[in-house]
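Okay, structure first, notes after.
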């Protein structure tokens, strides 16, 4: 009798365990399905280790949590590793995600992969520089570089207004640009020049120094002189910055990206022309040399893109596109920072060493 009772109890325990096990598996499966409902967004950036891309990743992860999607962020070892990025893009496509976000190192290199994404009905969102010229990209999340250049002019003008308002003698504003072919740098340069001329007066400011931007005005007392190095090398840019800094009538100077701003600071090391009571310097982006120059007062301030918003908005667009919603380009904004506000909660994550 005891054996029969024990046998019954053992059978009951086994059945209970099986029921509980099945229930547990069902719960796990349901949990997995719930977590996958939001979908996956694959992000392929131009890099991964640089603080700029880390800030982009931070914004992407914030958006992922908010919109309930899984975010996978990758990038090549550096911004010259084109083949590595293409491989990463192909891997992302093979995962069949809900959407892909891409900042291409070389637009031509990703054409085939983008065609595959399109045929697989995977929407692709561009971010940062995106993929210029591609018709596959549904929308872009990036800085309006022209508007960013305008903001740089507005902030500089506030600091030099008394010097450029109907001056008795000629005064000069220098502009150092990395090159004349990059669209983003060109927009930052053109936005700055156009806004500065408008603030001073179109009949009172003459733009000179480079054929792409020249708008000469005879008799103008304010000269906006543009300097562009012959090659994208530090030494060449320092030479251009040196030439402008040595102009006796220079009252202010602008570097339209990290490359030009850091070399402007380097040129100043032997000249000591920049400072609050000297020539007003304004930069763009960040980097250790530029940040230190702002902290020490060598540069008055700088414009930073908002990489956190770039990442956030890219994922937001990707989620909408994956649902079949209509999407359009988004300006992720820019910020003016100085020694006084560079540690602020909104700005600090956007700056990188």
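Flag not set for residue 277, criterion: assigned to a loop (DSSP other than H, G, I, E, B), more than 30 Å from residue 65 (Cα to Cα) and not assigned by TED's automatic domain parsing to the domain that holds residue 205. Taken as a whole, the structure places residue 271 among residues that are in contact with a helix residue (DSSP H, G or I) (Cβ under 6 Å, 6 or more places away or on another chain), part of a loop (DSSP other than H, G, I, E, B) and in the same structural domain as residue 182 (by TED's automatic domain parsing).
Scan the stretch 203-212 and tell me whether some residue there is assigned to a helix (DSSP H, G or I) and closer than 28 Å to residue 147 by Cβ. Checking the stretch 203-212: not a single residue is assigned to a helix (DSSP H, G or I) and closer than 28 Å to residue 147 by Cβ. Residues that are in a loop (DSSP other than H, G, I, E, B) and touching a residue at least 12 places away in the same chain (Cβ under 8 Å) were ranked within the stretch 113-124; the one that is farthest from the chain's Cα centre (by Cα) is 120. Residues in the stretch 290-297 include at least one that is touching a residue at least 40 places away in the same chain (Cβ under 8 Å), in a helix (DSSP H, G or I) and touching a strand residue (DSSP E or B) at 6+ places or on another chain (Cβ under 7 Å).
Just one of the listed residues (175, 110, 86) is assigned to a helix (DSSP H, G or I) and closer than 29 Å to residue 190 by Cβ, namely 110. Is it true that residue 235 is surrounded by 21 or more Cβ atoms within 10 Å (Cβ to Cβ), outside any strand (DSSP E or B) and without any contact (Cβ under 8 Å) to a residue 60 or more places away in the chain? So residue 235 fails the test.
Could you check, for the stretch 275-289, whether at least one of its residues is out of contact with any strand residue (DSSP E or B) (no Cβ under 8 Å at 6 or more places or on another chain), closer than 18 Å to residue 50 by Cα and free of Cβ contacts under 8 Å to residues at least 12 places away in the same chain? No, the stretch 275-289 contains no residue that is out of contact with any strand residue (DSSP E or B) (no Cβ under 8 Å at 6 or more places or on another chain), closer than 18 Å to residue 50 by Cα and free of Cβ contacts under 8 Å to residues at least 12 places away in the same chain.
Of the residues examined, residue 328 is one that is in contact with a strand residue (DSSP E or B) (Cβ under 8 Å, 6 or more places away or on another chain), surrounded by fewer than 19 Cβ atoms within 10 Å (Cβ to Cβ) and either in the same structural domain as residue 162 (by TED's automatic domain parsing) or more than 19 Å from residue 56 (Cβ to Cβ) (or both).
When we screen 312, 352 for residues that are within 12 Å of the chain's Cα centre (by Cα), surrounded by 17 or more Cβ atoms within 10 Å (Cβ to Cβ) and part of a loop (DSSP other than H, G, I, E, B), the only hit is 352. If you go through the stretch 238-248 and pick out every residue that is surrounded by fewer than 21 Cβ atoms within 10 Å (Cβ to Cβ) and closer than 14 Å to residue 178 by Cα, you end up with 1.
If you go through the stretch 316-349 and pick out every residue that is assigned to a loop (DSSP other than H, G, I, E, B) and closer than 26 Å to residue 295 by Cβ, you end up with 12.
Scanning the stretch 58-80 for residues that are in a helix (DSSP H, G or I), more than 19 Å from residue 334 (Cβ to Cβ) and in contact with a strand residue (DSSP E or B) (Cβ under 7 Å, 6 or more places away or on another chain) yields 61, 64.
Among the candidates 149, 186, 133, the residue that is over 22 Å from residue 278 (Cα atoms), in a loop (DSSP other than H, G, I, E, B) and touching a residue at least 24 places away in the same chain (Cβ under 8 Å) is uniquely 133.
The values are calculated or read from the model by the stated rules, or taken from the named source; none is laboratory data. No experiment lies behind these values; they were computed from the predicted model shown. Cβ: placed from backbone, ideal geometry, glycine included. Neighbour counts: every protein chain shown.
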